[in-house]
Structures are given as C-alpha cells and as structure tokens.
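The block underneath contains the structure these notes are about, expressed in structure tokens.
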Amino acid sequence: MMKQKEFDIPFSGLRQGKHEFDYVIESKFFESFGYDEFNDAQIDLNVVLNKMSTMLELEMRADGIVNVDCDTTSEPYDQKISGTLELVVKFGDEYNDENDEILIIPHADHQLNIAQYAYEMVVLAVPQKRVHPGVLDGTLESEALIKLEELSPKEENNNKEDTDPRWDELKKLKTDK
C-alpha cells in the first residue's frame, strides 16, 4: 500500500474549532490498497475536523457510487453507497491504533493521514451481497439468470407433509405448560 499524501491533514497550523476538508475518491485509490472488487468508483468524502487543545475529533462522511459485479449474474452495475465514521485522535507517547474509535498519535506529529480510515469506511459501506437491481425487479435478461432458472429445483406442492416418523413420535411427548 502506498501512503496517500493527498489524504494528509496538517492539523498543527490550524486554529481550534471546526475545519472542513473535501476529497474525491476514485478507483485508483482502491488500487493503491490492492483492492480490485470495484470496477469504478466516484465517491465524495467530507471530513470535519474539530481541533481542541488536547485532542482532535474527526467526522467522516462518504457518499457516491461504486461499480461492482452482481453476485448472481456477474453483470456490472452501479451501487450507491453511504458511510460515516467518527474518530477521536488523542496525543500520547507512541502511535496506537488498537481501538477502532480512538487513535493515539505521538505529541510530535503535526499531520494525520486518513486514507486507511476512508478506505475501510467505503469498503464496509458496500452491501455484502451485491445484487443487480434488474435481478430484483425482473427486468435483467442474462444468460446466467436463464441457466439458473433452468437448473433450479421445481417445486411440487401436494399439501402433504414429509416428516420423519421419529419426529412424529417425539412431538407426542410435548406437553403444554
């Protein structure tokens, strides 16, 4: 992973109070992390830094579109995403990022790189199961969908229960309490 210098926030020269930073994240950002699940990405990242005398508070919000492949049909489609992340940055003797919500950086540091946090926030904002909207509403015509329909088991509803007789005997043992 390359360090993304454009995601450095130099907080040492800033006054106390809130400061806003805007970034545009594209697919080359994810490529630098070795992440190739997105075909394309266009994400707006807004970061509000609240500088205080003893710590920093970061509120990050990402909104945009990533082009991903459908898990069912492998057809690419645009998936809208939205994610937020709040991070508290405190100063200490050494760097420590073991806690997900609190980052400790050395007193001597004068800037903070948020690239890793932005990457994680966006990747986690994408749904785990990615389904093309055309699959959901039935408008997508795809060879994969046709083949899945052919190979799917045909249901026969005879209104008769196929149960194991051993379970039937155990059901007789149930008592109402």
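Summary of computed values
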{"item": "Residue (of Ile102, Val48, Gly83) at the positive-pole extreme of the stretch 43-105, dipole from beta-carbon charges", "result": "Val48"}
{"item": "Relative contact order of the stretch 5-128, defined on C-alpha pairs under 8 angstrom at six or more residues apart (%)", "result": "23"}
{"item": "Gain in span if fully extended, Glu26 to Asp63, counting 0.36 nm per residue against the direct Cα distance", "result": "12.1 nm"}
{"item": "Expected 222 nm ellipticity per residue - DSSP helices of 4 or more, -39500 (n - 2.57), all of the chain, to 500", "result": "-5500 deg cm²/dmol"}
{"item": "Charge sum, other residues only, whose C-beta stays under 13 Å from Met52's C-beta, Lys/Arg counted +1 and Asp/Glu -1", "result": "+3"}
{"item": "Extended-chain gain in nm, criterion 0.36 nm per residue less alpha-carbon gap, Ser152 and Lys129", "result": "6.3 nm"}
{"item": "Amide N proximity, the stretch 28-60 versus Thr84 label position 7 Å along Cα-to-Cβ, cut-off under 14 Å", "result": "46-48, 58-60"}
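No lab work stands behind these numbers, since they all come straight from the coordinates. Quantities reported herein were computed from a predicted structural model and do not represent experimental measurements. Virtual Cβ from ideal backbone geometry, glycine too; neighbours counted across all protein chains shown.
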